[in-house]
1. So if I check each of LEU113, LEU59, LEU81, which one is free of Cβ contacts under 8 Å to residues at least 12 places away in the same chain and open to solvent by 40 Å² or more (accessible area, probe 1.4 Å)?
2. What's the total number of residues in the range 204-218 that are at pLDDT 60 or above and not in a helix (DSSP H, G or I)?
3. Is it the case, given these coordinates, that GLY236 is farther than 21 Å from ALA137 by Cα, open to solvent by less than 20 Å² (accessible area, probe 1.4 Å) and modelled with pLDDT under 90?
4. Cβ contacts < 6 Å: first residue within 10 Å of PHE275 (Cα to Cα), restricted to the range 141-156; second residue open to solvent by less than 10 Å² (accessible area, probe 1.4 Å) and part of a loop (DSSP other than H, G, I, E, B), any location; separation 6+ or different chain. Result?
5. How about the range 235-266: which of its residues are over 21 Å from ARG185 (Cα atoms) and not in a loop (DSSP other than H, G, I, E, B)?
6. Being in contact (Cβ under 8 Å) with a residue 12 or more places away in the chain and either crowded, with 18+ Cβ neighbours inside 10 Å or over 24 Å from the mean Cα position of the chain (by Cα) (or both): is that true of VAL127 here?
7. Quick check: is even one residue across the range 130-144 in contact with a helix residue (DSSP H, G or I) (Cβ under 9 Å, 6 or more places away or on another chain), within 22 Å of ARG203 (Cβ to Cβ) and polar (S, T, N, Q)?
8. Could you pull out the residue among LEU196, LEU161, LEU139 that is crowded, with 20+ Cβ neighbours inside 10 Å and modelled with pLDDT of 85 or more?
Amino acid sequence: MSRPTVSQLRAFLALAEHLHFRDAAAALRMSQPALSGSVAALEESLDTRLVERTTRRVLLTPAGERVARRAETVLAELDRLVEEVRAVRGPLVGPLRVGVIPTVAPYLLPVVLPRLAAEFPDLELSVHEEQTDHIVAELLAGRLDVVLLALPAPAQGVTELPLYDEDFVLVTPASFELDAEGVPREALNELDVILLNEGHCLRDQALDVCREVGARAPSATYATSLATLVQLVSGGLGVTLVPETALPVETRRAPNLSLHRFADPAPFRRIGLGFRSTSPRAEEFEALAAGVRAAIAELGTGSPGIRPA
């Protein structure tokens, strides 16, 4: 019996997680035939069937379930070995796989990336933009090293380093007349709030703000991005809540808008950095967080709605 390769184990573990060849291949960013070939080669090397292929999905055989459990342990230890070696080489040297949520990436990265490149010239960043649940799952599976997301993280086993707090700003059509000195949250009771689609943590945060004041159920209009959300408001379809860092980018693209800040205490979200609690690179990630906080301090100059945490 020949020994399985690391690539074979990674392919099989992805298949065991998704139980679908196309979804597993997409998760690993490889072609479906390549993934299928890796799984077949693993079955051949172990001389046993690991999966049962049906017309709609994949089922694991008893041997496949055992191999999946072992493969997860083996790959986790291998990733840990790589991380320990990187930690010895020095802080933030070499590849670093970062996951970022869509309501943070386009506003934070242009500010943070140049600073990190100057401060850590040997750092090789790769960035993956996905919704919260996906990047946390990828983090815990060892396919990402660190994530930038709204806290708290929706899973156990993630160590959180708070980076900054940012207020939500009420964005309305220009025709709306509201208190310029500070809008009470209760004003949401009289407004149709437009939200992002399900899966975005910003949607859940906006819903929480509405529920706190007993606001009625939001309208049936949803959007897949903040850019679309603001354009819908510009078109008069309702109002929305936009985090402070997104305002300069999104509002300049849309006419006929008014921005209204909430009366204290304003609703806000906390953005942080998350990494696996078992990672030996905690000191490196502390240094990374410090670099992000420094960039945010510059971004927040003159804006009380952005505060380093």
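The values are calculated or read from the model by the stated rules, or taken from the named source; none is laboratory data. A quick note: this is a predicted structure, and the numbers were derived from the prediction, not measured. Because the Cβ atoms are built from the backbone with ideal geometry, glycine has one as well, and the counts that use them run over all protein chains shown. The protein model used for the area step is the full one, side chains on, heavy atoms only, and it has no ligands, DNA or RNA in it. Shrake-Rupley method; radii C 1.70, N 1.55, O 1.52, S 1.80 Å.
1. The match here is LEU81.
2. Looking only at that region, the number is 4.
3. no
4. Note: pairs meeting the criteria are LEU148/VAL104.
5. Answer for the range 235-266, where residues must be over 21 Å from ARG185 (Cα atoms) and not in a loop (DSSP other than H, G, I, E, B): PRO248, VAL249, GLU250, THR251.
6. no
7. Yes, the range 130-144 has at least one match.
8. Exactly one of LEU196, LEU161, LEU139 is crowded, with 20+ Cβ neighbours inside 10 Å and modelled with pLDDT of 85 or more, namely LEU139.
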